[in-house]
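Let me begin by presenting the structure, written as structure tokens, before commenting on it.
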């Protein structure tokens, strides 16, 4: 592919950069049947169920992304990813990071199929077999399972919930257990998974919290894998701060990965980014991760570049819709589900619901069988997840209302509400 092809797609993206094109009214009238017709795993794995388990949105594609994909297929740009598109991904990703006040050198950014592939490289090349890694829980499920494939021991450290009780709607907050983290480092662990914003609890870490983590990592020579895929989804009153952007120390500790896949709903196009702010990591990557880059999809690079270059206005429409949804989630948890333990998320489109006070040991199975609602079993997110579920609320607002109606009806029928 020649470089002459690249500005063409970028131009399509920029042409719609100032127009949202997000149609909330269309989303509101989208039905379960409509979503099943789209054919995603989220809506076809359990026919007739409301899909609230897989972390993807139901809001379609940004027009600039759809146009770029259509144009690419028309000219047959579906071969292995060429170097010019790798550079375009790096350039557009670096530009997107300015949303967070981070000036990144594009030469530090490399393409990778997804964040988990970046995590696997981190485990294989930096942590290495026979060592261990700290994973705060509840956690994104693969962070608990993938390390074991590389001979790396997982040290689960439960998050602390300051002020949490049975009732919902209070300003409770999730916190790192820094004492336990330091003990793990002191015992010889030299790696930590930072998921910020945090999946599945929706915590957005403050600069001060990350500096404290960084100082502990410096004291014990630990490295930080920073998953920032949910960075765009941060609610009012909170700010996403990239870990590597804070100072030179964090930049040397960080092995950052991100993607447009969550914010633009394009995980199937297989293009994420790893941001290597430690020069040694970049050298290691160029030497040992060639095949990871090779597996990145050209169509994903095209879609990603279009999203970063031209999708900001569309995403603002998405975010406004999700903020409407989280307001409903918070209201429902304060009222009908007041007995359920819940901390309002500060970011992401994921809620963590603890039904243990109702005596439900496996709420995912309970709501699947009694309410036709498919949720993620909290036990997949760590030992602390018993009695909990992970809920994806990035769906049409009326379906989210129906989701809560179904769940409440099941609980009321059993005398649990």
**Study point:** Conditions (1) under 19 Å from residue 209 (Cα atoms); (2) outside any helix (DSSP H, G or I); number of the one not met by residue 180
**Key:** (2)
Point to revise | Matching residues, the stretch 60-113, being without any contact (Cβ under 8 Å) to a residue 40 or more places away in the chain, under 20 Å from the mean Cα position of the chain (by Cα) and within 19 Å of residue 282 (Cα to Cα) | key: 94
Practice item. Collect the residues in the stretch 213-235 that are on the phi > 0 side of the Ramachandran plot and either outside any loop (DSSP other than H, G, I, E, B) or crowded, with 24+ Cβ neighbours inside 10 Å (or both), keeping them in residue-number order. Key: none
Exercise for review: Output the number of the condition that residue 398 fails; it satisfies all remaining conditions of (1) touching a helix residue (DSSP H, G or I) at 6+ places or on another chain (Cβ under 8 Å); (2) assigned to a helix (DSSP H, G or I); (3) free of Cβ contacts under 8 Å to residues at least 60 places away in the same chain.
Suggested key: (3)
Exercise for review: Scan the stretch 136-164 for residues that are within 30 Å of residue 334 (Cα to Cα) and within 17 Å of the chain's Cα centre (by Cα) and jot them down.
Suggested key: 136, 137, 138, 139, 140, 141
Study note, to complete from the structure: Cβ pairs under 6 Å, 6+ apart or interchain, first in the stretch 146-157 and at negative phi and free of Cβ contacts under 8 Å to residues at least 60 places away in the same chain, second assigned to a strand (DSSP E or B) and crowded, with 20+ Cβ neighbours inside 10 Å, ordered by first then second residue, are 147/133; 152/133; 154/135; 155/134; 157/134; 157/136
Point to revise | Some residue of the stretch 53-75 being modelled with pLDDT of 95 or more, in contact with a helix residue (DSSP H, G or I) (Cβ under 6 Å, 6 or more places away or on another chain), more than 30 Å from residue 347 (Cβ to Cβ) and buried (at least 18 other Cβ atoms within 10 Å of the Cβ) | key: yes
**Study point:** Members of the stretch 346-370 that are in contact with a strand residue (DSSP E or B) (Cβ under 9 Å, 6 or more places away or on another chain) and part of a loop (DSSP other than H, G, I, E, B)
**Key:** 346, 348, 349, 355, 362
Exercise for review: Looking only at the stretch 19-31, decide whether some residue is crowded, with 16+ Cβ neighbours inside 10 Å, modelled with pLDDT under 95 and over 24 Å from the mean Cα position of the chain (by Cα).
Suggested key: no
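Quick check on my filter: what residues within the stretch 115-168 are part of a loop (DSSP other than H, G, I, E, B), within 30 Å of residue 359 (Cα to Cα) and at pLDDT 95 or above? Spell out the reasoning first.
Quick first cut of the stretch 115-168, residues part of a loop (DSSP other than H, G, I, E, B) only: 128-131, 138-141, 150-152, 159, 163-168.
Still in the list and also within 30 Å of residue 359 (Cα to Cα): 138-141, 159, 163-168.
The answer is 138, 139, 140, 141, 159.
The values are calculated or read from the model by the stated rules, or taken from the named source; none is laboratory data. Since the structure is predicted, the reported quantities are computational estimates derived from the model, not experimental observations. So basically every Cβ, Gly included, is an ideal-geometry build from the backbone, and we count neighbours across all protein chains shown.
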